[in-house]
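Rule-based calculations on the coordinates, nothing more; no lab input. Computed from a prediction, not measured in an experiment: that's the story for all the values here. No Cβ is skipped: glycine too gets one built from the backbone with ideal geometry, and neighbour counts run over all protein chains shown.
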């Protein structure tokens, strides 16, 4: 036996709207526990030069969005406790033409300490030394919602000069996170 229930809103026992519908199939979640927020995405606003073989905090100054104003100065400090999906990517280029990139590393730091790292070293698998490298990181992090914060750091090793976090194609370098509902 099948049944159909037609309503324009769901409420809790105290009359608070949990979910509403506009009658056209578009739902609005009104309960914060059902939303994947806070969330943000930021990209570099310009090339950032870092010293060769030095772990450096990366700058992502252009916000695509920041739902709860929890992102500032390249740091994400969510005010809601929970587990967060954290992702980052950087395109490393050398600061001079045709210098070889030996290694790139991307780190997630929580409260000033490294908790995750991703390495890329093309010499290991191919023996090649390119002039551009990509690092990606995608992890889940538990946050307390009051004082925990996240930042991305990077490290690049080149044969001469410095590495550079490139924004030539801004979609190739980013820092983003959102709260995972139900986790």
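Among 46-58, 82-94, the peptide with the highest mean count of other Cβ atoms within 10 Å heads the list, and the full ranking is 82-94, 46-58. Note on residue 49 and residue 121: their simple-model spin labels are 2.7 nm apart, each label 7 Å out from Cα toward Cβ. Peptides 100-108, 68-76, 9-17, ordered by how many other C-beta atoms sit within 10 Å of their residues on average, highest first, read 100-108, 68-76, 9-17.
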